[in-house]
Amino acid sequence: MCLTEDQWKRKKTVVIIKNEAIAKDVYEMDLQVGETAKEIEPGQFIHLYCRQGQRLLPRPISICEVDEKKGRLKIVYGIVGSGTKEFASYSPFETIDIIAPLGKGYQWESQEKHSILVGGGLGVPPLLELAKRLPGKVEVYLGFRSQPFLVENFKKYTDFVYIATDDGSHGTKGTVLDVLKNKSECPEKARVYTCGPKPMLQSITQWAVEKGYPIQVSLEERMACGVGACVGCVCKIKDLQTGEWQYQRVCKEGPVFNGKEVIWNEES
Ligand SMILES: Cc1cc2nc3c(=O)[nH]c(=O)nc-3n(C[C@H](O)[C@H](O)[C@H](O)COP(=O)(O)OP(=O)(O)OC[C@H]3O[C@@H](n4cnc5c(N)ncnc54)[C@H](O)[C@@H]3O)c2cc1C
Ligand code: FES
């Protein structure tokens, strides 16, 4: 695949500082990205290139945390196929090609008083940098199948971290929505930010709409170029005024969208 001019400009070779397992088939990778660290907004993602020629397409992974002083960023990825398996084999001080940062992240006001963050599985990582930057009270709800990860990292930024696991091995047994309904103090006004599997995003959006809270969701679609050129990653977004919908690119207009504007299924 040919790179666009925009991709060429932003593609760089960076050094891997750390690449370690933090849960079963889940890895944390720190990258030395220099000045790029200053450009990053929570909710944006990067593209990582494999070294194996047959795996031509870059893999999109969300930015988990940024250290502007050291010029580093952290990503957390699960091993699901050949590309992520290859990434897990890399060692510190090896290099990797990336494009960063990509997409549009979460938005918030400087006067924000109360935020509710809800993450599920591999949708948990991008909420960490957000938890760090949000002003006011931040409640964090994290759902996992079994083994949680990044929990201690969140606790550095807020005292209100709640866990749900499908098997009940950690935190509350059940879904993250169950815990949210039980534990949230549900203030009159709050903003909700979420990332995770689509059914979870949809149910959290429904909950937020019932409470009258604005909600931002981070969507995932298969990607090719990652910079808006191939239109391979579209989702249906509706205009709340007119009710009309149009396709928007998850890599360019997203991955973060207003949850109320997302058409979750054809019946919506
Ligand atoms: C905006 C965005 C942010 C993401 N952030 C994270 C993250 O923080 N942590 C994490 O573990 N995963 C994340 N993902 C999913 C991650 O991109 C896929 O798990 C990864 O690309 C799988 O690559 P693979 O070669 O191992 O799998 P394979 O199945 O072999 O991949 C084959 C092709 O399909 C694409 N693909 C497969 N699954 C996905 C998917 N779920 N989304 C998009 N493309 C996919 C691959 O990029 C590759 O081009 C994110 C996806 C998107 C779109
Ligand atoms: S991946 Fe090409 S337009 Fe989004």
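Here the 3J(HN,Hα) profile of segment 185-202, calculated from phi with Karplus coefficients 6.51, -1.76 and 1.60 at θ = phi - 60°, is 6, 6, x, 4, 10, 7, 10, 10, 10, 9, 8, x, x, 3, x, 5, 4, 5 Hz, Gly and Pro shown as x. If you plug the beta carbon distance of CYS230 and ASN265 into 1/(1 + (r/R0)^6) with R0 = 22 Å, you get a FRET efficiency near 0.35. For LYS18, nonlocal amide neighbours, meaning residues 5 or more places apart or on other chains whose placed amide H falls under 5 Å from its own, are ASP30. Of the residues GLY71, GLY143, GLY81, the one that moves most in a GNM of the chain with alpha-carbon contacts below 10 Å is GLY81.
Can you tell me the length gained on complete extension of the stretch LYS70 to GLN241, counting 0.36 nm per residue apart and subtracting the Cα distance? Computed gain between LYS70 and GLN241 is 57.1 nm.
Computed from label points 7 Å out along Cα-Cβ, the spacing between ASN182 and LYS198 is 2.9 nm.
Total lysine pairs in segment 1-100 at Cα distances under 24 Å, for residues eight or more apart or on different chains: 25. Mean-square fluctuations from a GNM of the chain, with a 10 angstrom spring cutoff on Cα atoms, peak among VAL80, VAL124, VAL250 at VAL80. Only DSSP H runs of four or more residues enter the estimate; each adds -39500 (n - 2.57), and after division by the residues of the chain the mean residue ellipticity at 222 nm equals -5000 deg cm²/dmol.
Just checking the listed ones, GLN147, GLN241, GLN216: in the Gaussian network model of the chain with Cα springs under 10 Å, the one fluctuating most is GLN241. A simple spin-label model places the labels of HIS170 and ILE22 1.0 nm from each other, with each point 7 Å out along Cα-to-Cβ. Taking a ≥ b ≥ c as the square roots of the eigenvalues of the Cα gyration tensor, an a/c ratio of 1.5 or more together with a/b no larger than b/c marks segment 5-102 as oblate.
Kirkwood radius for the chain, taken over all pairs of different Cα atoms as the inverse mean of 1/r, rounds to 19.0 Å. The HN-Hα couplings worked out from phi for segment 175-180 by the Karplus form 6.51 cos²θ - 1.76 cosθ + 1.60 (θ = phi - 60°) are 8, 5, 5, 4, 5, 4 Hz, whole numbers, x standing for Gly and Pro.
A short reminder: the numbers here are calculations on the coordinates, not readings from a lab. Owing to the predicted nature of the structure, the values given are computational and were not obtained by experimental measurement. In this analysis, Cβ positions are derived from the backbone assuming ideal geometry, glycine residues included, and neighbour counts consider all displayed protein chains.
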